[in-house]
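Q: Below you'll find the structure I mean.
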Amino acid sequence: MKAEIVHMTAENIDKESLKRAGRILQEGGLVAFPTETVYGLGGNALDFKASKKIYAAKGRPSDNPLIVHIADMESLPKIVKELPPKAKILAEKFWPGPLTMILPKSDAVPLETTGGLNTVAVRFPSDPIAQSLIRYAGGYVAAPSANTSGRPSPTLAEHVEEDLGDAIDMIIDGGQVGIGLESTIVDFTEDVPVVLRPGYISLEMLREVLGEVRMDKGLLKTDSKIHPKAPGMKYRHYAPKAELSIVEGESGEVVAAINRLAKEAKAKGETVGIIATDETAEQYTAGLVKSIGKREEEETIAHHLYEVLREFDKYQVSAIYSEAFYTPRMGQAIMNRLLKAAGHKIIKAQEENEK
Ligand code: TXA
Ligand code: MG
């Protein structure tokens, strides 16, 4: 099966195609679609067979639950047992938008969709194409990121086609997504809300609205025995085919260290890629240098991260060195993804230069 690809923009929605896509979902098929974060692989969330198909298409372990996407607040009561007051506050503040909430599930949601858990992840995306598709599909669309399990999430329809073009019914190409990293996940099953996955909505933004909010301990201590609470966060993920190392430290030190490491790797026959920024790109002397964005505009870094990782795969690069991006607002989310892509391989620039 080859997926049918339809093109549209948020400003110029092709209603007829979306109606057809909605019908495909209602009949148990799979449709990939744009959201403001990354492309999603949609199936009817209330149909356990559709959820099984999603796992099969992605090659995803079946204990890793899916997010249920809705397109209005009125749809929420059917799929959750209750909406805790703090979750209601967040919904009012950040929905529609890049926020996913973990809530107690109702019987309407099959265990296949939630990976066997009695909670359900819910998100109300702001992307108009996504909203319209969800409505035509009957209101409840389960959608993980539309990549093969383990690969970087798709920020362009071409990425979806690369990974899933032969495994699904339709791809809605709405152009490049806005944010480029997956939604922030907040768990409401304990007294204090816990961030299970950092995203565009930062811990500080959540604390401003709710007061106390914790970061999942499993995300902070990467080398300990504490596992992240979101099943998906424990897998190696977002990984390019090449060996990726993050080099951190003061900017001049980082450039010097990467230049040396790149030269050494090249001498050993490696094809080297370097993830730089507009501020530093010209200072690198070896390898294929790609600027990911501007440090001064951290959104640009988040926006291009997955795209750059995929581009290096195309060039068959075998070793990638990346600068670290501990930027003020989105740094937590960017570094969470980059560290996972690198299997937590960090090189301290200063130590490297003293060798
Ligand atoms: O931005 C996004 O959230 C994108 C777009 C398509 O909406 N979706 C997305 O889905 O990133 P996915 O499946 O790639 O990631 C979902 C994450 C996984 O880490 C999963 O383990 C976690 O959410 N999750 C889902 N349901 C959960 C639950 N009931 N309890 C804990 N974690 C859950
Ligand atoms: Mg994913």
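Q: Return the only residue of Ala137, Ala142, Ala91, Ala121 being more than 21 Å from Val31 (Cβ to Cβ) and out of contact with any His (no Cβ under 7 Å at 6 or more places or on another chain).
A: Details: Ala137 fails: more than 21 Å from Val31 (Cβ to Cβ); Ala142 fails: more than 21 Å from Val31 (Cβ to Cβ); Ala121 fails: more than 21 Å from Val31 (Cβ to Cβ).
Criteria check complete, one pass: Ala91.
Q: From Ala342, Ala333, which residue is farther than 16 Å from Val247 by Cβ and small (Gly, Ala, Ser)?
A: The conditions single out Ala333.
Q: Can you name the residue in the range 135-150 that is within 11 Å of ligand 1 (Cβ to nearest atom) and surrounded by 23 or more Cβ atoms within 10 Å (Cβ to Cβ) and is also nearest to the chain's Cα centre (by Cα) among such residues?
A: Ser145
Q: Okay, next question. Considering only residues of the range 299-355 that are over 21 Å from Lys234 (Cα atoms), more than 18 Å from the chain's Cα centre (by Cα) and of a type in the set (Lys, Arg), which is modelled with the lowest pLDDT?
A: Lys355
Q: Would you be able to say whether some residue in the range 208-227 is small (Gly, Ala, Ser), more than 20 Å from the chain's Cα centre (by Cα), open to solvent by less than 80 Å² (accessible area, probe 1.4 Å) and more than 16 Å from ligand 2 (Cβ to nearest atom)?
A: The initial filter retains those residues of the range 208-227 that are small (Gly, Ala, Ser), namely 211, 218, 224.
Retained after the next criterion (residues that are more than 20 Å from the chain's Cα centre (by Cα)): 211, 224.
Those still in the list that are open to solvent by less than 80 Å² (accessible area, probe 1.4 Å) too: 211, 224.
Next cut, more than 16 Å from ligand 2 (Cβ to nearest atom) only: 211, 224.
Checking the range 208-227: at least one residue is small (Gly, Ala, Ser), more than 20 Å from the chain's Cα centre (by Cα), open to solvent by less than 80 Å² (accessible area, probe 1.4 Å) and more than 16 Å from ligand 2 (Cβ to nearest atom).
Q: Somewhere in the range 240-260, is a residue within 16 Å of ligand 2 (Cβ to nearest atom), in contact with a helix residue (DSSP H, G or I) (Cβ under 9 Å, 6 or more places away or on another chain) and within 27 Å of Arg151 (Cα to Cα)?
A: First, pick out the residues of the range 240-260 that are within 16 Å of ligand 2 (Cβ to nearest atom): 240.
Checking which are in contact with a helix residue (DSSP H, G or I) (Cβ under 9 Å, 6 or more places away or on another chain) leaves us with 240.
If we keep only those that are within 27 Å of Arg151 (Cα to Cα) too, we end up with 240.
Yes; the residues of the range 240-260 include at least one that is within 16 Å of ligand 2 (Cβ to nearest atom), in contact with a helix residue (DSSP H, G or I) (Cβ under 9 Å, 6 or more places away or on another chain) and within 27 Å of Arg151 (Cα to Cα).
The values are calculated or read from the model by the stated rules, or taken from the named source; none is laboratory data. Just so you know, these numbers come straight off a predicted model, no measurement behind them. Heads up, the Cβs are rebuilt from the backbone with ideal geometry, glycines too, and the neighbour counts pull from every protein chain shown. Heavy atoms of the whole protein, side chains included, go into the accessibility calculation; ligands, DNA and RNA do not. Shrake-Rupley method; radii C 1.70, N 1.55, O 1.52, S 1.80 Å.
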